[in-house]
Amino acid sequence: MDIAIIVGLDVVSGIASLVLISAGLAVIFGMMKIINLAHGEFLMLGAYATVLSVSAGVNIWFAMLVIAPVFVGLVGMIVERCLIQFLYGRLVDSMLATWGLSLVIVGGTTMIFGNTIVGVSSPLGGFQVGAYQSSLYTPFLALMALLLMTAVFGVMRFTRAGLIARAVMQNPDMAATLGVNPARVYMATFGLGAAMSGLAGGLLAPIAGVVPTMGAAFIAKAFITVVGGGTSILWGLISASGLFGFINQIAAFLTTPVFGEVILFIAAIILIRLLPTGISGRFFKGRL
Amino acid sequence: MTLSRRKFIRNTAAGGATLAAPALIGSVARAQDGPIKLGSLHDLAGPLAATGEPMVYAIMLAVEEINAAGGLLGREVELINYDTQSNIQLYSQFAQQLAVRDRVDVIHGGITSASREAIRPIFSRFRTLYFYNTLYEGGVCDRNTFNTGTTPAQTVEKLVPHAMNLWGKKAYIIAADYNYGQITAKWMRKYVEDNGGEVASIDFFPLDVTNFGPSISRIQAAEPDLLLSAMVGGNHTAFYRQWAAAGLKDEIPIASTTFGLVNEPATLEDAESTGVLGSYGYFEELDTPASVAFVKAIKDRHGAQTPYVSELAAASYEGVHLWAEGVRQAGSVDRMEVIEALETGLSFEGPSGKVVVDPKTHHVTRNTFLAEVENRAWKVLETFEQQQPLDTAAVCDLEANPNDTTHYIIDI
């Protein structure tokens, strides 16, 4: 019984971390059709912002939940103005440019902060489930993933800004004739996606090894989740994270981490073969 | 000027080659009575950069010391360092360049066992002397290669019984999923079983695993007395974080053959690392005069951001000095004469103490140390004087088979 609860918590944490690391990518890819290969580096910048703020004496919660997303959001807006705005509709070019950007960010971070592992320790303790122990940080991550999804849903569905954003993504020319400035909306959306990546990086900082190259470990999973989920930002992300997180954690528990990853990737390949447009392309078509 | 397509391609290719050209320290002059050339192949970019950096610093220091003392055979020693960028392909490429184009007299380098096995045959083929200065799984038997790092018989053999005496008989082994981790895990199991213990399970982790939740649950379910870890790299540091976050650090203690090789004690919080046991051929915290001077020389030069000065740096430094002893004794930089001089059992007093070349295996007899993390630094608990490379000696005898070049997977 206890072990079932513990494994259940692992699954929840697996799903929550997939939701968090993929959310920013889902917004940028799902809404703007930009393949952001620098997504992992946005996560890394969020983690660095958190670690550096904490070592400068800032409260860890404030660093994770405010400084990391705001900082990376600003970086995202600058990147959009200087690079991405020239690449809308040019899928391959955007991949090349963001790949270059990721190298620049990794190189720059290495130059400034060195290649050593930095980090902060987890701000919450552990708790006991029968004979087992788990980290309180796990339910906290799940809560944050839930809040983030709710916030995305709320903004997109019920606010004027969300409506405008969706309108611009659907038909920028029509939106422009109605008096919306698409360039500004693109910039804000890209910034928002980057901020979500920054938040994820901040939240991961206490449980990951923070190095300039850490993004590489997350980007493949984030892409699989987003592609598997399809174009619907919210439902695609949630369904794909749920499926892949569940498969990965259960497989890793029952076998070894190696097979956990292998089984996850096989599942992803089968899913894409059966549902080429992703889960949401089939089941949540046209939904948010 | 018209720019034909062909010309454009040629120019672009040349430009690309210039951009890709490696960091070259010093010039590439070639003359018989010019400087003696020491090649170095280490990762200064990519995931292994934090490991490679102090090794290069140590080699630079050794070369400076040799030159300050008047050079070797009246000639200056010139360091030619290529940054292999954590990329095995670049290892092969730069190894050929060092051997064929730069015609260096000796090469020090290689970090992972995978990189060593990529370049070792190249140096055999081009008859260029090679020093591998990293602790590894043991078993390289090659007359052209000298290995100055520790092997499991020198460290794991000390670590496992000590940890078992403290904590109990049932061990759970976790290791990185490539040849170093796989073979080290075998050694761990051997020493656990030799000491009357049992191994609950062995788990391997690819280097990009970041979420250890399910594995931590598995470990708890197995209820071991202690955890033996050979985890490698930045992502794996997260294991110790998640382990401590689950409150397990005080329940199931950890002994490791890799923890602290880069700078885990300094970057993890006190609560996450205190009590972890490790065993290496050198610790930055050693307080012998030679060690203190060595660490000070490196840190003075490279400042506060210098990564931890571990066994890798000490062995690289000692490796260069051992080679220099060989050259002095031989009175020549000729490859065979230097090898024969080193095979007389030359020794060097380095930061870790006395290091002696073992002629049969081309490994070294050296001091090893057992230490515990306390307040984000290592506290050396015990010193084991002059440990021989017994694991490799069991399979390798270069006096009897001078033409052997095998990397033996020691049967355990």
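Just so it is clear, none of the values below were taken in a lab; they were calculated from the coordinates. On a predicted model such as this, the values are computed, not experimentally measured, just so you know. We place every Cβ from the backbone using ideal geometry, glycine too, and count neighbours over all the protein chains shown.
Here are some notes:
- Counting only residues at least eight positions apart within a chain, or on another chain, the aspartates and glutamates with an alpha carbon under 16 Å from that of B:Lys37 are B:Glu64, B:Glu65, B:Glu76, B:Glu78, B:Asp102, B:Asp105, B:Glu325, B:Asp334.
- Kirkwood-type radius of region B:271-410, with distances r between different C-alpha atoms, in Å: 16.7
- Subtracting the Cα-Cα distance of B:Lys170 and B:Glu269 from their residue separation scaled by 0.36 nm leaves 32.9 nm.
- Least to most buried among B:His362, B:His321 (fewest other Cβ within 10 Å first): B:His321, B:His362
- Once both labels are positioned 7 Å from their Cα atoms along Cα-to-Cβ, the gap between B:Ala400 and A:Ile5 label points is 6.1 nm.
- Local electrostatic count at B:Leu261 - Lys and Arg +1, Asp and Glu -1, tallied over other residues with Cβ under 12 Å: -3
- Placing a label point 7 Å from the Cα of B:Ala290 along the Cα-to-Cβ direction, the residues of region B:358-388 whose backbone N falls under 20 Å of that point are B:358-359, B:362-371, B:380-388.
- When region A:30-135 is reduced to its Cα atoms, the Kirkwood hydrodynamic radius in Å: 15.8
- Contact order relative to length of chain B, as percent, for alpha carbon pairs under 8 angstrom and 6 or more apart: 18
- The coefficient of translational diffusion for region B:200-338, derived via Stokes-Einstein from the alpha carbon Kirkwood radius under 20 °C and 1.002 mPa s, stands at 122 µm²/s.
- Per-pair calculated FRET efficiency, R0 = 60 Å: A:Arg160 and B:Arg328 via Cβ, rounded to 0.05: 0.15
- Counts of other chain beta carbons within 10 angstrom of each beta carbon in peptide A:213-224 average 3.
- Rounded to the nearest 20 debye, the dipole size of chain A about its Cα centre is 780 debye, using +1 on the Cβ of Lys and Arg and -1 on the Cβ of Asp and Glu.
- Helix axis angle, A:137-158 relative to chain A longest principal axis, alpha carbon, degrees: 20
- By the count of other C-beta atoms within 10 Å, a proxy for reagent exposure, A:Cys82, B:Cys396, B:Cys141 are ordered fewest to most as A:Cys82, B:Cys141, B:Cys396.
- Of every Cα-Cα pair in region B:74-223, the percent that sits beyond 20 Å: 59
- Computed over the alpha-carbon pairs of region B:80-139, the distance histogram in 5 Å steps reads 4, 20, 34, 27, 12, 3, 0 percent, short to long.
- Label point distance in nm, A:Leu254-A:Phe62, each placed 7 Å from Cα along Cα→Cβ: 4.7
- Rounded to the nearest 0.05, the FRET efficiency derived from the C-beta distance between B:Met336 and B:Lys360 at R0 = 22 Å is 0.80.
- Selected from B:Gly331, B:Gly197, B:Gly303 as most flexible by GNM, with chain B as the system and alpha-carbon contacts under 10 Å: B:Gly303
- Relative contact order for region B:156-280, counting Cα pairs under 8 Å that sit 6 or more residues apart, in percent: 29
- Relative exposure of A:Leu204, A:Leu143, A:Leu74, B:Leu44, judged by other C-beta atoms within 10 Å (fewest first): A:Leu143, A:Leu74, B:Leu44, A:Leu204
- Once C-alpha pairs closer than 8 Å and six or more residues apart are averaged by separation and normalised to the residue number of chain A, the relative contact order reads 34 percent.
- A straight Cα-to-Cα reach below 24 Å connects A:Lys33 with the lysines A:Lys221, A:Lys285, residues fewer than 8 places away in its own chain not being considered.
- Straight-line cross-link reach from B:Lys158 at under 25 Å between alpha-carbon atoms covers these lysines, not counting any fewer than eight positions away in the same chain: B:Lys169, B:Lys170, B:Lys186, B:Lys190, B:Lys249, B:Lys354, B:Lys360, B:Lys379.
- Isotropic mean projected area of the C-alpha convex hull, chain B (nm²): 22.6
- The modelled label-to-label distance between A:Val92 and A:Leu275, using points 7 Å beyond Cα along the C-beta direction, is 3.0 nm.
- Comparing mean-square fluctuations of A:Val19, A:Val210, A:Val54 from a GNM of chain A with C-alpha springs under 10 Å, the top value falls on A:Val54.
- The Kirkwood hydrodynamic radius of the protein assembly as shown, based on inverse pair distances between different Cα atoms, is 27.0 Å.
- Rg then Dmax, both in Å and based on the Cα atoms of region B:156-280: 13.0, 35.
- Tilt relative to chain A, helix A:182-204 - C-alpha long axis, 0 to 90 degrees, to 10: 10
- The calculated FRET efficiency for the pair B:Thr344 and B:Gln305, based on their C-beta separation and a Förster distance of 41 Å, comes to about 0.50.
- Most mobile listed residue (B:Ala266, B:Ala185, B:Ala400) in chain B, GNM with C-alpha springs under 10 Å: B:Ala400
- Shown here is the pair-distance distribution of chain A: with all Cα-Cα distances grouped in 5 Å bins from zero up to the longest one, the shares run 1, 6, 11, 16, 18, 17, 14, 9, 4, 2, 1, 0, 0 percent.
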